[in-house]
Amino acid sequence: VQLQASGGGLVQPGGSLRLSCAASGSVFSVGDMAWYRRAPGKQRELVAHITTGGRTNSADSVKGRFTISRDSAKNTVYLQMDSLKPEDTAVYYCNADINSYSVWGQGTQVTVSS
């Protein structure tokens, strides 16, 4: 079982990116899903979280700019990031409860710079 993240890249301040993370392998159940990030010199932080029922929460620093969603039929979680700021620059990691185990994706770099 693995999580494959994609969608990172270089974007100018004020721009948008959409991250995707899909579970593959012998997936029997997928529980809560989330996105974390680790900026240079900082600890990993929770960006947004979504339950199996679709309830979401997000960090105060991204509220109103980032939206987490999921497609349960595709075992995929998304992070729509709008109004990006330089301080959003980080490696973004997806995490999901798969078959009752916490599984991490490989990380995707997001760089916000002019």
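The values are calculated or read from the model by the stated rules, or taken from the named source; none is laboratory data. On a predicted model such as this, the values are computed, not experimentally measured, just so you know. Positions of Cβ are generated from backbone atoms using ideal geometry, with glycine treated the same way; all protein chains shown enter the neighbour counts. These area figures cover heavy atoms from the full protein model, side chains too; ligands, DNA and RNA do not enter into them. Shrake-Rupley method; radii C 1.70, N 1.55, O 1.52, S 1.80 Å.
Couple of notes before you dig in:
- Of the numbered criteria (1) within 15 Å of Tyr78 (Cβ to Cβ); (2) out of contact with any Ser or Thr (no Cβ under 9 Å at 6 or more places or on another chain); (3) among the hydroxyl-bearing types (Ser, Thr, Tyr), the one Ser24 fails is (1).
- Of all the numbered requirements in (1) touching a residue at least 12 places away in the same chain (Cβ under 8 Å); (2) open to solvent by 80 Å² or more (accessible area, probe 1.4 Å); (3) under 15 Å from Thr89 (Cβ atoms), Pro13 misses one, and that requirement is (2).
- Scanning the range 56-102 for residues that are open to solvent by 70 Å² or more (accessible area, probe 1.4 Å), in a strand (DSSP E or B) and free of Cβ contacts under 8 Å to residues at least 60 places away in the same chain yields Thr56, Asn57, Thr67, Ser102.
- Members of the range 44-55 that are within 16 Å of the chain's Cα centre (by Cα) and open to solvent by 30 Å² or more (accessible area, probe 1.4 Å): Arg44, Glu45, Leu46, His49, Thr52, Gly54, Arg55
- Condition check for Gly41: open to solvent by 30 Å² or more (accessible area, probe 1.4 Å) and either hydrophobic (A, V, I, L, M, F, W, C) or free of Cβ contacts under 8 Å to residues at least 24 places away in the same chain (or both): yes
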